[in-house]
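Some notes on the structure that comes next.
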Amino acid sequence: MPRELLIQALSDALSQAQSAGDLPESPSPEVDLQTPRDPRHGDFSTSLAMVVASETGRPPREVADTLVRHLDLPEGLAESVNIAGPGFINFVLSPTWLRRLVRRVLEEGEDYGRSDTGRGQRLLLEFVSANPTGPIAVVQGRAGALGDALARLFERTGWIVSREYCVNDALNSTRVQRFAETLEARYLQQLGRQAAVPEDGYQGDYVIDMAEQLVAAEGDKYLGMARDERLAALTEYSLQKIVADQQRDMADFGVTFDTWFMESTLYDDDEVSQAVETLNAAGHTYEADGALWLKATAFGDEQDHVLIRKDGRPTYLAGDIAYHKNKFDRGFDRLIDIWGPDHQGHVRRTRAGVQAIGYDPSRFEILIHQIVRLFRGSEMVRMSKRAGDIVPLSGLIEDVGADAARFFFLMQSMESHLDFDLELAKKRAADNPVYYVQYAHARICSILREAADRGVSLPNISDADLDRLGEPDELALMRKLADLPHEVSEAAQRYEPHRMTRYARELAATFHGFYTNCRVLSDDTELTAARLALVQAALTVLRIVLTIIGVSAPEKM
């Protein structure tokens with residue numbers, strides 16, 4: 001694609017200029033190619049000459065002249081190359097090359113923009129992974145949108161991706177135990193017995209709902225049991241019920257996991273103790289204060305951490321190390337975890353544990369996403385009064401729809417706090433970004449339907465005379481179509497799925513501008529055929545982007 005071709009040509013020009021003695025040898029800088037804000041400055045611009053000048057002591061414009069002399073661009077790529085200001089090199093793409101790009105989009109179809117960066121390597125992407133103690137929350141829904149979009153980006157760039165949800169159901173989990181105790185209290189209350197919810201239990205009314213359902217289904221079945229037996233039974237019941245609800249919520253959100261991994265299997269199969277034994281054998285542990293500690297400071301952490309408590313129970317860290325060992329042992333080449341903002345403190349210790357147990361830390365990445373706040377206009381709101389402190393994803397989907405929820409979750413980088421405007425997400429107007437993008441798709445479909453109603457056949461790829469395309473808005477649309485492969489590659493490599501919603505909005509705006517100023521169906525049959533080909537290419541690219549972000553592509557609105 002044009003950006004990559006220009007970067008390679010500039011890199012080659014610098015090497016050739018140095019080899020010829022026209023520029024002194026110096027460290028080869030990374031070629032930075034930008035899109036100028038002012039279209040009059042070209043389609044792309046680079047400050048490479050100024051960077052080289054600062055390293056060699058040469059005047060920037062002299063360096064720019066030298067680079068341009070050695071520049072060997074692919075035939076037909078650039079219409080013009082000029083030097084501006086203190087030494088910027090500006091490029092204007094050739095209309096001929098852009099027209100060839102339209103044919104390429106139509107020929108490749110849904111495969112346009114794919115690459116083989118991953119070379120078939122196996123990637124395990126774990127995300128959401130909520131505790132089995134309540135419904136999927138809105139902030140976890142953001143993780144679902146981010147993880148699923150990243151998975152689709154990696155699949156388009158040559159990786160074999162598996163999506164995984166880890167259910168933290170280990171019976172030594174205090175959260176699982178506390179939930180069972182809370183459900184027990186609510187169950188007993190439903191049967192008219194005196195019972196108090198634990199002080200640190202779960203206050204959401206969804207637990208009352210669960211207790212009501214339990215009584216309706218089982219009556220007083222658990223009343224006569226010994227308490228230990230009753231808590232064990234309620235733990236099993238609540239786990240099955242909550243996990244089923246979480247699976248339903250994720251399906252309603254359009255997120256499908258290849259594996260729902262049960263943390264308890266790590267303990268059932270003795271993998272946690274085996275991982276600790278591996279760390280012991282490698283000399284990465286020590287005993288102090290009656291506990292077993294991981295020498296995390298030897299692997300970049302600021303402090304060491306307990307693996308086995310004084311009472312012999314493994315910590316969350318021990319289980320997490322065993323879990324990541326399990327992932328690598330399943331044959332994955334690379335692991336990516338997406339965690340919520342409350343897990344920031346676990347990053348270093350987990351990375352230290354993975355390295356201590358013998359795996360290359362460069363194969364393991366932890367991404368942290370930030371919180372979500374819901375607003376109606378300027379007022380912050382909660383979606384449900386029956387969920388305690390939980391804002392359920394299911395309520396958001398019911399309110400604004402899965403499409404809007406996914407699009408809005410992806411509009412900002414995961415490192416940024418997200419303010420979600422509920423009223424905007426429901427508007428059927430151009431200031432609602434998801435509506436604006438989907439309307440562009442529907443408008444294209446409307447054009448194609450109108451063409452069919454008029455008896456205008458869609459042109460064959462080889463038949464359309466694309467040389468008829470030369471209006472500024474036509475060229476602008478073609479330039480935007482040319483950006484897709486770079487945007488997909490960058491979004492995957494930088495873990496930035498928000499680039500795709502930004503690109504979708506830019507593409508929609510460019511198409512709407514084209515539609516306003518360029519009549520597609522006219523009495524000029526050759527021009528009509530050429531513009532229909534361009535419209536089809538735009539439709540293809542827009543569908544690709546909507547598929548990546550997991551948003552539907554309606555044909556009518």
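The values are calculated or read from the model by the stated rules, or taken from the named source; none is laboratory data. All values derive from a computational prediction rather than experimental measurement. Glycine gets a Cβ as well: all are built from the backbone with ideal geometry, and neighbour counts include every protein chain shown.
Observations, loosely collected:
- Comparison of Pro60, Pro86 shows that the only residue that is more than 16 Å from Ile7 (Cα to Cα), surrounded by fewer than 19 Cβ atoms within 10 Å (Cβ to Cβ) and touching a residue at least 24 places away in the same chain (Cβ under 8 Å) is Pro86.
- Qualifying residue in the range 232-253 (condition: within 30 Å of Phe127 (Cα to Cα) and assigned to a loop (DSSP other than H, G, I, E, B)): yes
- Some residue of the range 542-555 being crowded, with 20+ Cβ neighbours inside 10 Å, among the hydrophobic types (A, V, I, L, M, F, W, C) and under 12 Å from Glu474 (Cβ atoms): no
- In summary, Ala405 fulfils each of the numbered conditions (1) in contact (Cβ under 8 Å) with a residue 60 or more places away in the chain; (2) under 26 Å from Ala298 (Cα atoms); (3) under 22 Å from the mean Cα position of the chain (by Cα); (4) in a helix (DSSP H, G or I) with the single exception of condition (2).
- Any chance Arg104 is at pLDDT 95 or above and either surrounded by 14 or more Cβ atoms within 10 Å (Cβ to Cβ) or more than 28 Å from Leu475 (Cα to Cα) (or both): yes
- Filtering Asp311, Asp301 for residues that are touching a residue at least 24 places away in the same chain (Cβ under 8 Å), among the charged types (D, E, K, R) and over 21 Å from Glu164 (Cα atoms) leaves a single hit, Asp301.
- In the range 146-196, residue farthest from His324 (Cα to Cα) [restricted to those that are basic (Lys, Arg) and assigned to a helix (DSSP H, G or I)]: Arg186
- Hey, Arg122 basic (Lys, Arg), on the phi < 0 side of the Ramachandran plot, buried (at least 23 other Cβ atoms within 10 Å of the Cβ) and in contact with a strand residue (DSSP E or B) (Cβ under 8 Å, 6 or more places away or on another chain) or not: no
So that you can scan it fast, the table gives a plain yes or no per residue for (1) under 23 Å from Val128 (Cβ atoms); (2) out of contact with any helix residue (DSSP H, G or I) (no Cβ under 9 Å at 6 or more places or on another chain):
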site: Asp169; (1), (2): yes, no
site: Gly192; (1), (2): no, yes
site: Gln213; (1), (2): no, no
site: Lys221; (1), (2): no, no
site: Ser238; (1), (2): yes, no
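- Criterion violated by Tyr202 - all others in (1) of a type in the set (Phe, Trp, Tyr); (2) out of contact with any strand residue (DSSP E or B) (no Cβ under 9 Å at 6 or more places or on another chain); (3) modelled with pLDDT of 95 or more satisfied: (3)
- Sole exception among (1) in contact with a strand residue (DSSP E or B) (Cβ under 9 Å, 6 or more places away or on another chain); (2) farther than 26 Å from Gly147 by Cβ for Gly283, by number: (1)
- Of note, Asp337 satisfies the criterion of being surrounded by 19 or more Cβ atoms within 10 Å (Cβ to Cβ) and in a strand (DSSP E or B).
- When the range 97-140 is filtered for residues that are under 17 Å from the mean Cα position of the chain (by Cα), within 30 Å of Ile390 (Cβ to Cβ) and not in a loop (DSSP other than H, G, I, E, B), the ones remaining, listed by number, are Leu124, Leu125, Glu126, Val138, Val139, Gln140.
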